[in-house]
C-alpha cells in the first residue's frame, strides 16, 4: 500500500515541480457515485481534492477522495481513493458576456480526462461479504468529461467545475451465497476476471491558471 501511494505521490510531485513551465492548480469539493457495481448497496460520497500543474490546455493532477464519508459500512479505515489524472480542454470560450445581477464567469470550458488510481479499503456489503473480498486495494482506471465556469481574472482561473467519470476496476471477488440465514458458502463461481464499473460525479471549486 505504501509503495503504491509513494509512486503516485512521486508522479504528482513531478507534475508540480516545474513552475517555470507549468502553472499550479488546485481543486476541492465533493465526489460521489451515481452507480457502483462494486458497492451496490453503499453510498460512495465524500470530499475530494486535486493538486496539479497546467501547461496550456493540458492539466496533470494527483487527486484524493474519501469515498466513505457518509457511509460507515466499511472494514477498518474506510474507503479512500488516490490517483493521477490527465485532462485537457476540448473547447474554451474566454469572451462570454456577463448577465446582469449574476456572477460574471466570463470563461466556459469543456474538458475530457483519463486517469488511473488505487482504492484502499473494503466495503462491508453485509455481515459476511466484503468488496473487494480478498484485498484492501483495488486498481482503477477512468475516462471522464465535464465543463467549467471561471471568471478569467488574468492570470488565474477561479470558478466551478462539474464532471462525470466512468471508472473500471478488476473484480476481486468469490461470490458467497447465504442459505438459511445461518451460514454462507461459496457458490463456486469465481468472478475475479470480471470488471466492476462505476459512474461518478465531481463538483469542485477551481483555483488555478
Flag if residue 114 is over 21 Å from residue 151 (Cα atoms), free of Cβ contacts under 8 Å to residues at least 40 places away in the same chain, surrounded by 13 or more Cβ atoms within 10 Å (Cβ to Cβ) and in contact with a strand residue (DSSP E or B) (Cβ under 9 Å, 6 or more places away or on another chain): yes
Between a first residue in the range 34-54 that is on the phi > 0 side of the Ramachandran plot and in contact (Cβ under 8 Å) with a residue 60 or more places away in the chain and a second residue that is surrounded by 19 or more Cβ atoms within 10 Å (Cβ to Cβ) and outside any strand (DSSP E or B), which pairs have beta carbons less than 8 Å apart while being 6 or more apart in sequence or on different chains? none
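Each row is one residue, and each column tells you yes or no for (1) out of contact with any strand residue (DSSP E or B) (no Cβ under 6 Å at 6 or more places or on another chain); (2) at pLDDT below 70; (3) farther than 19 Å from residue 60 by Cβ.
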{"site": "149", "(1), (2), (3)": "no, no, yes"}
{"site": "153", "(1), (2), (3)": "yes, yes, yes"}
{"site": "161", "(1), (2), (3)": "no, no, no"}
{"site": "168", "(1), (2), (3)": "no, no, yes"}
{"site": "184", "(1), (2), (3)": "no, yes, yes"}
{"site": "194", "(1), (2), (3)": "yes, no, yes"}
{"site": "199", "(1), (2), (3)": "no, no, yes"}
{"site": "202", "(1), (2), (3)": "no, no, no"}
One residue is enough: does the range 122-144 have a residue meeting the conditions under 24 Å from residue 23 (Cα atoms), exposed (fewer than 15 other Cβ atoms within 10 Å of the Cβ) and at pLDDT 90 or above? yes
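The values are calculated or read from the model by the stated rules, or taken from the named source; none is laboratory data. Predicted model only: the values in this text are computed from it and were never measured. All Cβ positions, even for glycine, are placed from backbone atoms using ideal geometry, and neighbour counts span all protein chains on display.
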